[in-house]
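Here is the structure we will look at.
Please treat every number below as a calculation from the coordinates, not as lab data. A quick note: this is a predicted structure, and the numbers were derived from the prediction, not measured. Every residue, glycine as well, gets a Cβ built from its backbone with ideal geometry; the counts of neighbours run over all protein chains shown.
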Amino acid sequence: MIADSVEQDFLTLDQMISDLSKEARKYRDSRDKYHKQASVLAEKRNRLQEKARELSSEARIYREKRDECNASARDSKQKREGFYDRAAQMKAGRETGDIGETRAQAQKCHESVVKMSAAGQANHEKMSQLMDEASKLREEAQVCHEQYLACKEAADLEHKKFTEVLAKIDSLKNSLPDRSRSVVRYFDSVYPQNEHQSREEGKSDVTV
């Protein structure tokens with residue numbers, strides 16, 4: 001009978017749409033999970049990059065201090081050598097002056113050389129430490145970024161599957177357009193309106 005056939009068509013269509021709706025929800029939930037993971041990874045990557053920038057900025061300050069100390073050490077070394085030369089000239093009788101004071105000045109410059117060289121080395125070590133830490137953070141950030149891209153790619157794939165299933169649902173709803181019109185007319189004449197409404201084209205409750 002036509003009623004049984006039509007009824008079976010509707011039940012089959014409803015079941016197919018229901019199954020596809022479940023599949024669509026699965027892909028949607030998977031997509032949203034990957035998006036959430038990507039968001040977490042992006043935040044972590046950004047924090048690591050920001051910390052790396054802060055450390056690099058701090059390292060530049062220590063580099064400037066190191067360069068200043070090294071410049072001061074070179075200046076003091078040059079002055080020390082000048083005092084040594086004057087003291088040697090005085091000792092040889094080719095120049096007059098207080099040789100003791102000259103040697104004292106040379107010693108003072110030598111102490112400055114030692115002090116500035118040590119300070120320069122300390123600043124260099126601190127700079128190197130900060131640069132190493134910044135480099136490690138950037139490497140961690142890069143790993144996070146690669147994981148982020150992987151999650152985004154996975155999310156895009158799940159979204160593609162999701163939209164494909166939605167398209168199948170729409171296709172099923174429109175698969176029998178001519179017959180659907182006759183079916184609606186048939187059920188209008190056979191079933192009460194409230195019963196027929198529950199049998200309208202199976203509607204998916206899946207949201208994008």
**Complete:** Filtered hits (lysines, Cα-Cα < 29 Å from Lys91, offset >= 8 within chain) -> Lys77, Lys79, Lys108, Lys115
**Fill in**
Amide H neighbours of Glu95 at under 5 Å, excluding residues fewer than 5 places away on the same chain, with H built from the backbone geometry, are Met90
**Asked** For Asp29 and Ser57 in the same chain, what is the full-extension length gain: residue separation times 0.36 nm, less their Cα-Cα distance, in nm?
**Response** 5.9 nm
**Message:** Going Cα to Cα from Lys136, which lysines come in below 28 Å? Please leave out same-chain ones fewer than 8 positions away.
**Reply:** Lys36, Lys44, Lys51, Lys65, Lys126, Lys152
**Request:** Treat the range 38-158 as a sphere of radius equal to its Kirkwood radius over Cα pairs and apply Stokes-Einstein at 37 °C in a medium of 0.692 mPa s; give the translational diffusion coefficient in µm²/s, rounded to a whole number.
**Result:** 181 µm²/s
**Request:** Provide Val165, Val143 in ascending order of the number of other Cβ atoms located within 10 Å of each residue's Cβ, fewest first.
**Result:** Val143, Val165
